[in-house]
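Take a look at the structure set out below.
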Amino acid sequence: MADTTGAATPDIVAEPQVEGGDDGVRRRDFINIAAVSAAGFGGVAVLYPLISQMAPSADVLAESSTEVDVSAIEPGQAIKAIFRKQPLFVRRLTDKEIAEANAVNISSLRDPQTLAERTKEGHQDLLVTMGVCTHLGCVPLGAAEGENKGEFGGYFCPCHGSHYDTAARIRKGPAPLNLQVPEYEFTSDTVITVG
Amino acid sequence: MSFPWAKEYTPANPVMKFLDEKLPLPRLVYNAVGAGYPVPRNLNYMWNFGVLAGFFLVLQIVTGVVLAMHYAADATVAFGKVEHIMRDVNWGWLMRYSHANGASFFFIVIYLHIFRGFYYSSYKAPREMVWLLGVVIFLLMMATAFMGYVLPWGQMSFWGAKVITGLFGAIPVVGEPLQVWLLGGFAPDDAALNRFFSLHFLLPFVIAGVVILHIWALHIPGSSNPTGVEVKGESDTVPFHPYYTAKDGFGLGVVLVLFAVMLFFLPNYLGHPDNYIEANPLSTPAHIVPEWYFWPFYAILRAFTFDFILPAKLWGVLAMFAAILMWFFLPWLDRSPVRSGHYRPLFRKFFWFGLIPVMAVLFYCGGAPAEEPYVMLSQIATAYYFLHFLVILPLVSSFEKPEPLPYSITEAVLGSDKKAVLGENTTPAT
């Protein structure tokens, strides 16, 4: 394919010149582009399912919402549930903990968020977060009775020493973000649906 | 492809003659690792590790295929299957311990092989492609070893998989979807375990393919040697077989003795007790560490604890990958015309008193808990590591006065006897 302007070279005389001889465009050029495009499209069409098969399958996605009954959680207590195969912390804050969380100067935080932004309206005492440290994914301590709650009374990740406060916001240590608040809603006064 | 004095393959009998005409495979082997490959006569034992790495690749493939016959990649049974191999399968314990310790020995010999490359600058022209393919092999090995460690589905398997795939989550915008795509879920589970098993089985064969390219690329200029002076004549070389098959065979024997010591007396020394606890997504081990061969790079990952434009976590991830990807540029970063560190006094100082201690510090800190003084030590060592490759190595040749090189390999071996010099003695003494 050293020479694509066949019309100009006398030794390719057998080449049928159908049209467009002057601008150098041959019918073969069209066939060439059309064939490569079709093959390229086919290649992408084959690649798509090969890549997509690695995404979460239907049964994994089917488990992607969880109902949690929060009626039995007393102030100061927390429970661990499982959401998308990962731990979920549901914590009923005491009045003191709420006051502590609201007393913080928001602009001093690494990931500035108020407690109100991290809870649902009318349920400011119920803090729902993932139990997954935003540093490298360990499970922080502090949800179960007697565990180390860290310097700020919330959660403490033992892997690399991240401290979270009573609103589960990052206060000290290597984690870049607050503990993630998943999407959830109150389906009744005592039941939340996560996901 | 080889020196003009290389011995030519002659089929010994009609069957081999037939084969040589139809499919010259014996000829290929003869020219690659037989008497048909002339090799510098002065190679020291640092030149054993390529063959040793090849041996451990074969060992890993053989034991791995056997283990796969008794294993099942299902999160509910995987942990039990490994115990089944250890207790019930005939010689299963031998296969699994060989495979686990074989991985460690594979990395030991590879690190010594890379060390040889660093000290003698084996990466320099005309062997750049050999080096680049070697770095590719190393990256493939790391991926393979990581996925293999997930398969027993113990606590370290699970949390290692979570932390390492979590690294991809640090990439801005696409990070989280990418992590979910890699795992096939929101946390490591069946989907992740199955794909890791599939890829862990596949990648060693990919490595074997790249190893063939690595050897092919090596055989175009021929092997380097401790003087760094290129081969000038026939008296500088000896045939690979029997000279280096014997030398490599001896080295293999020594390494196999050490391997047997680990295998039979300390089979779990390099592992983690936590991995004999089944994976539990709700409880993190107190101290997550990767396998020992990842420690230097894990230390670099954890050395970044402060945000600077980008978040600290992303810096750590970028630095960890850069620490190895940088090696791809090594042939052009090191600008000294002299290859061997043996003749480079200034480079040698930076190598022995800079790079090597710093690698040792990174290695130690990577296995230590993330607390002081290890964090600060890792930070200093990480800074020096990058300084060595990006600043010291490119600049050192401008200030250095290399020691005089021998005229030829023969002269280096026999002294500057006139008869030893090229042209006066081109036929090897018999």
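The values are calculated or read from the model by the stated rules, or taken from the named source; none is laboratory data. Keep in mind the model is a prediction, meaning the values are calculated, not measured. Because the Cβ atoms are built from the backbone with ideal geometry, glycine has one as well, and the counts that use them run over all protein chains shown.
Given the criteria modelled with pLDDT of 90 or more, surrounded by 17 or more Cβ atoms within 10 Å (Cβ to Cβ), under 30 Å from A:His135 (Cβ atoms) and within 14 Å of chain A (Cβ to nearest Cβ), does B:Tyr293 qualify? Spelling it out, it is not the case that B:Tyr293 is modelled with pLDDT of 90 or more, surrounded by 17 or more Cβ atoms within 10 Å (Cβ to Cβ), under 30 Å from A:His135 (Cβ atoms) and within 14 Å of chain A (Cβ to nearest Cβ).
Just to be sure I understand the filter: pairs with C-beta atoms under 6 Å, separated by 6 or more residues or on different chains, first member in the stretch B:304-333 and free of Cβ contacts under 8 Å to residues at least 12 places away in the same chain, second member assigned to a helix (DSSP H, G or I) and not basic (Lys, Arg). Which pairs pass? That search, which allows pairs on different chains as well, returns B:Phe306/B:Ala312. Filtering the stretch B:119-130 to residues that are among the hydrophobic types (A, V, I, L, M, F, W, C) and surrounded by fewer than 22 Cβ atoms within 10 Å (Cβ to Cβ) leaves B:Ala125, B:Met129. Taking residues in the stretch B:70-97 that are over 17 Å from B:Leu263 (Cα atoms), and partners anywhere that are of a type in the set (S, T, N, Q) and surrounded by 14 or more Cβ atoms within 10 Å (Cβ to Cβ), the pairs with Cβ atoms closer than 6 Å and at least 6 places apart or on different chains are B:Ala73/B:Asn194. Please find, among B:Ala279, B:Ala312, the residue that is within 13 Å of chain A (Cβ to nearest Cβ), farther than 21 Å from B:Tyr374 by Cβ and surrounded by 17 or more Cβ atoms within 10 Å (Cβ to Cβ). From the options B:Ala279, B:Ala312, the qualifying one is B:Ala279.
Restricting to the stretch A:61-117, name every residue that is β-branched (Val, Ile, Thr) and in contact with a Pro (Cβ under 6 Å, 6 or more places away or on another chain). Break it down into steps so the answer makes sense when it comes.
Here is the first cut: in the stretch A:61-117, the ones β-branched (Val, Ile, Thr) are A:66, A:68, A:70, A:73, A:79, A:82, A:90, A:94, A:98, A:104, A:106, A:114.
Once the filter is applied, which keeps residues that are β-branched (Val, Ile, Thr) and in contact with a Pro (Cβ under 6 Å, 6 or more places away or on another chain), the stretch A:61-117 yields A:Thr94, A:Ile106.
Checked against (1) surrounded by 16 or more Cβ atoms within 10 Å (Cβ to Cβ); (2) more than 14 Å from chain A (Cβ to nearest Cβ), B:Pro337 passes all but condition (1).
Restricting the stretch A:50-78 to residues that are among the hydroxyl-bearing types (Ser, Thr, Tyr) and assigned to a loop (DSSP other than H, G, I, E, B), which is modelled with the highest pLDDT? Of everything passing the filter in the stretch A:50-78, A:Ser57 is modelled with the highest pLDDT. Search the stretch B:164-198 for residues being among the aliphatic types (A, V, I, L, M) and more than 11 Å from every other protein chain (Cβ to nearest Cβ), and hand back the single one that is farthest from B:Ala279 (Cα to Cα). So, considering only residues that are among the aliphatic types (A, V, I, L, M) and more than 11 Å from every other protein chain (Cβ to nearest Cβ), the one farthest from B:Ala279 (Cα to Cα) is B:Val173.
What number of residues within the stretch B:334-375 are of a type outside the set (A, V, I, L, M, F, W, C) and outside any helix (DSSP H, G or I)? Give the derivation first.
Quick first cut of the stretch B:334-375, residues of a type outside the set (A, V, I, L, M, F, W, C) only: B:334-337, B:339-345, B:348-349, B:354, B:357, B:364, B:366-367, B:369, B:371-374.
Within this subset, residues satisfying the condition of being outside any helix (DSSP H, G or I) are B:334-337, B:339-340, B:344, B:369, B:371-373.
The number of residues fulfilling the criteria is 11.
If the condition is being buried (at least 18 other Cβ atoms within 10 Å of the Cβ), under 19 Å from B:Ser283 (Cα atoms) and among the β-branched types (Val, Ile, Thr), then the stretch A:73-100 contributes only A:Val90.
Name the single residue that is surrounded by the most Cβ atoms within 10 Å (Cβ to Cβ) among those in the stretch A:174-195 being part of a loop (DSSP other than H, G, I, E, B) and over 22 Å from the mean Cα position of the chain (by Cα). The qualifying residue surrounded by the most Cβ atoms within 10 Å (Cβ to Cβ) is A:Thr190.
Can B:Ser378 be described as touching a residue at least 24 places away in the same chain (Cβ under 8 Å), touching a helix residue (DSSP H, G or I) at 6+ places or on another chain (Cβ under 6 Å), farther than 18 Å from B:Arg116 by Cα and part of a helix (DSSP H, G or I)? Even if it seems obvious, please write down each step before you answer.
Values: touching a residue at least 24 places away in the same chain (Cβ under 8 Å): yes; touching a helix residue (DSSP H, G or I) at 6+ places or on another chain (Cβ under 6 Å): yes; farther than 18 Å from B:Arg116 by Cα: yes; part of a helix (DSSP H, G or I): yes.
Yes.
Set side by side, the residues A:Gly131, A:Gly142, A:Gly146 differ, and just one is in the same structural domain as A:Pro75 (by TED's automatic domain parsing) and without any contact (Cβ under 8 Å) to a residue 40 or more places away in the chain, which is A:Gly146.
Each row is one residue, and each column tells you yes or no for (1) assigned to a helix (DSSP H, G or I); (2) surrounded by 13 or more Cβ atoms within 10 Å (Cβ to Cβ); (3) in contact with a strand residue (DSSP E or B) (Cβ under 9 Å, 6 or more places away or on another chain); (4) touching a residue at least 60 places away in the same chain (Cβ under 8 Å).
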position: A:Asp23; (1), (2), (3), (4): no, no, no, no
position: A:Asp29; (1), (2), (3), (4): yes, yes, no, no
position: A:Ala34; (1), (2), (3), (4): yes, no, no, no
position: A:Val44; (1), (2), (3), (4): yes, no, no, no
position: A:Tyr48; (1), (2), (3), (4): yes, no, no, no
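Got at least one residue in the stretch B:404-417 being in a loop (DSSP other than H, G, I, E, B), aromatic (Phe, Trp, Tyr) and modelled with pLDDT under 95? Give the derivation first.
Of the stretch B:404-417, the ones in a loop (DSSP other than H, G, I, E, B) are B:404-408, B:415-417.
The next check asks that each one be aromatic (Phe, Trp, Tyr); those that pass are B:407.
The next check asks that each one be modelled with pLDDT under 95; those that pass are B:407.
Yes, the stretch B:404-417 has at least one match.
Take the residues in the stretch B:140-163 that are hydroxyl-bearing (Ser, Thr, Tyr) and out of contact with any Ser or Thr (no Cβ under 7 Å at 6 or more places or on another chain), then tell me which one is nearest to the other protein chains (Cβ to nearest Cβ). Checking each candidate, the answer is B:Ser157. Against the definition (within 18 Å of A:Val194 (Cα to Cα), part of a loop (DSSP other than H, G, I, E, B) and in contact (Cβ under 8 Å) with a residue 60 or more places away in the chain), how does A:Ala168 come out, yes or no? The answer is yes for A:Ala168. For the stretch B:298-309, a residue qualifies if it is closer than 11 Å to B:Val375 by Cα and either hydroxyl-bearing (Ser, Thr, Tyr) or facing another protein chain (nearest Cβ under 10 Å) (or both), and the qualifying residues are B:Leu301, B:Arg302, B:Phe304, B:Thr305. The single condition among (1) buried (at least 18 other Cβ atoms within 10 Å of the Cβ); (2) within 14 Å of chain A (Cβ to nearest Cβ); (3) at pLDDT below 95 that B:Asp236 does not satisfy is (2).
When only residues in the stretch A:45-78 that are more than 16 Å from B:Ala187 (Cβ to Cβ) and of a type in the set (Ser, Thr, Tyr) count, which is nearest to the other protein chains (Cβ to nearest Cβ)? Spell out how you get there, then give the answer.
Within the stretch A:45-78, the first condition is being more than 16 Å from B:Ala187 (Cβ to Cβ), and the residues that meet it are A:45-53, A:58, A:67-78.
Going one step further and asking which of them are of a type in the set (Ser, Thr, Tyr), we end up with A:48, A:52, A:71.
Details: A:Tyr48: 13, A:Ser52: 9, A:Ser71: 22 Å.
Out of the qualifying residues, it is A:Ser52.
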